[in-house]
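**Student:** Sharing a structure with you now.
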Amino acid sequence: MKKKLSIFIFILCFTVSSFRSQNIHANETPLLSTIYNEDGSYIIIDTTEYSPIFSLINSRSSYSKTVSKTFTFYGSDDIAAWDVVLTATFTYDNITSQCTASSAVYHIYDNSWSCTSLTSGKAGNAAWADFAFVQKILFITYNTYTGSVSISCSANGTIS
């Protein structure tokens, strides 16, 4: 009897842990916006919310949400040159919200561009990243772009 109970508990724990790891961020909500520049280049900002199905902090009526905001720069030729991805995790309980973690990374798709700076941080209910990119052709600076991206979370979990 003990052996059957042990096997049952093992299978139950394995099944629950497998389900949780595969579906922890199953509810993805993407939002796209576009900013057009005068020179024909443009930026696509892709914001995706990952709302976990399970949360260890839900027992106290608190919720957790991870949000990723991708800032992609396209040249006037409609080809992606680079992007910056800001990811932040928030907790909220309909009274307050808090940014608990944030990170930023960049990717270069056009080798004439390079990142000259990328700084990120978090404070209160917000996360941010400031960045600068430069495009050089034959060692001559052809284009520069500086910008920032931020994510904030309200007390009820609304992302902006």
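Bear in mind that the values in this text are calculations on the coordinates, not laboratory data. The model shown is predicted, which means the values in this text are computed figures rather than measured ones. Counting neighbours? That spans all protein chains shown, and the Cβs are built from the backbone with ideal geometry, glycine included.
**Student:** Between SER76 and SER154, what is the label-point separation in nm under the 7 Å Cα-to-beta-carbon projection?
**Tutor:** Result: 4.0 nm between the two label points.
**Student:** Per 0.36 nm of contour for each residue apart, how much would the distance between SER103 and ALA123 grow if the chain were fully extended, relative to their Cα-Cα spacing?
**Tutor:** Full-extension gain reported as 5.9 nm.
**Student:** What are the radius of gyration and Dmax of the stretch 25-152, computed over its Cα atoms and given in Å?
**Tutor:** My reading of the Cα-based Rg and Dmax gives 17.0, 59 Å.
**Student:** Once phi is turned into θ = phi - 60°, what whole-Hz ³J(HN,Hα) does the Karplus curve with 6.51, -1.76 and 1.60 give for every residue of the stretch 98-107, x standing for Gly and Pro?
**Tutor:** Result, ordered by residue: 8, 7, 9, 7, 8, 7, 9, 9, 10, 9 Hz.
**Student:** In nm, to one decimal, how far is the ASP93 label point from the ALA132 one, both placed 7 Å along Cα→Cβ?
**Tutor:** Computed distance between label sites ASP93 and ALA132 equals 4.2 nm.
**Student:** Counting only residues 5 or more places away or on other chains, whose amide H sits under 5 Å from the amide H of ALA126 once H atoms are built in the peptide plane?
**Tutor:** CYS99
**Student:** Sort 143-154, 112-123 for me by packing, meaning the mean count of neighbouring Cβ atoms within 10 Å per residue, highest on top.
**Tutor:** Packing proxy ranking, top to bottom: 143-154, 112-123.
**Student:** Another question about this same structure. About the Cα centre of the stretch 25-152, what is the dipole size in debye to 20, counting +1 per Lys and Arg Cβ and -1 per Asp and Glu Cβ, all else neutral?
**Tutor:** Using only the charged Cβ atoms, the result is roughly 540 debye.
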